[in-house]
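Notes follow the structure.
The values are calculated or read from the model by the stated rules, or taken from the named source; none is laboratory data. Every value quoted in this text rests on a predicted model; they were computed, and no experiment measured them. With ideal geometry, Cβ positions are generated from the backbone for all residues, glycine too; neighbour counts draw on all protein chains shown.
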Amino acid sequence: MTSLDSVRAVADAVLYEGYVLYPYRASSRKNQSRWQFGVVMPADFAAFDPSEAAVQQTECLADYGDDTVFEVVVRFLRVLRRSEPGRDDWDEAAEHEITMVGTPDQLLGSGVRVPLRLDGSEAYDGETVRRMAPLEGGVTMRAEALDGRRGRCGCASAWRTVRTFNRCRPGATTLCRTPSWRPT
């Protein structure tokens, strides 16, 4: 196991914390409200509900040389709504990953931005239907020189959800209150 494999194992535990680490039943009282950290909602929804965030950011320190290339991997869970006749709808998740790279000059300048646009989907398994709403957002990676010297910087990656189109059922007129994506 490489050191990167160890880091990924920790990231997996954080990504799925509160999702699959415990046995969940939709009817259980403790599962009636979402408690996961790191959920990113569209800005208009976050403005309506102050307990939600429209942007999440991770910061770190880095030493670099002229030939350094920074790589950031943002992983997140996307809501997958499961519907079955005679049962309450239930949220599952699909894992996604965005990888971005940038040189020190790029990051110290305007940064690197990767837009995110995922189409919606609908899959059938007998009478069970799984739907994912379209999702739009982006990830930005940038850096700031520390102590005014080249070779040491503070790096930040920030992700935001611009818009989701998350309707619970075909023809629904209100948006469901479910997380859009969850980064690590």
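Observations
- Gly18 surrounded by 12 or more Cβ atoms within 10 Å (Cβ to Cβ), at pLDDT below 80 and not aliphatic (A, V, I, L, M): yes
- Test result for Pro179, modelled with pLDDT under 75, out of contact with any strand residue (DSSP E or B) (no Cβ under 7 Å at 6 or more places or on another chain) and of a type outside the set (D, E, K, R): no
- Looking only at the stretch 80-116, and only at residues there that are of a type in the set (A, V, I, L, M, F, W, C) and in contact with a Leu (Cβ under 9 Å, 6 or more places away or on another chain), the one that is farthest from Asp12 (Cα to Cα): Leu116
- Considering the stretch 134-160, the residues that are surrounded by fewer than 15 Cβ atoms within 10 Å (Cβ to Cβ) and assigned to a strand (DSSP E or B) include one that is modelled with the highest pLDDT, namely Glu144.
- Residue identified as of a type outside the set (Asp, Glu) and in contact with an Asp or Glu (Cβ under 6 Å, 6 or more places away or on another chain) among Ser51, Ser83, Ser121, Ser110: Ser83
- Condition check for Glu122: part of a strand (DSSP E or B), without any contact (Cβ under 8 Å) to a residue 12 or more places away in the chain and loosely packed, with under 15 Cβ neighbours inside 10 Å: yes
- Scanning the stretch 89-101 for residues that are surrounded by 12 or more Cβ atoms within 10 Å (Cβ to Cβ) and without any contact (Cβ under 8 Å) to a residue 40 or more places away in the chain yields Glu92, Ala94, Val101.
- The set of residues in the stretch 105-119 that are part of a helix (DSSP H, G or I) and without any contact (Cβ under 8 Å) to a residue 24 or more places away in the chain comprises Asp105, Gln106.
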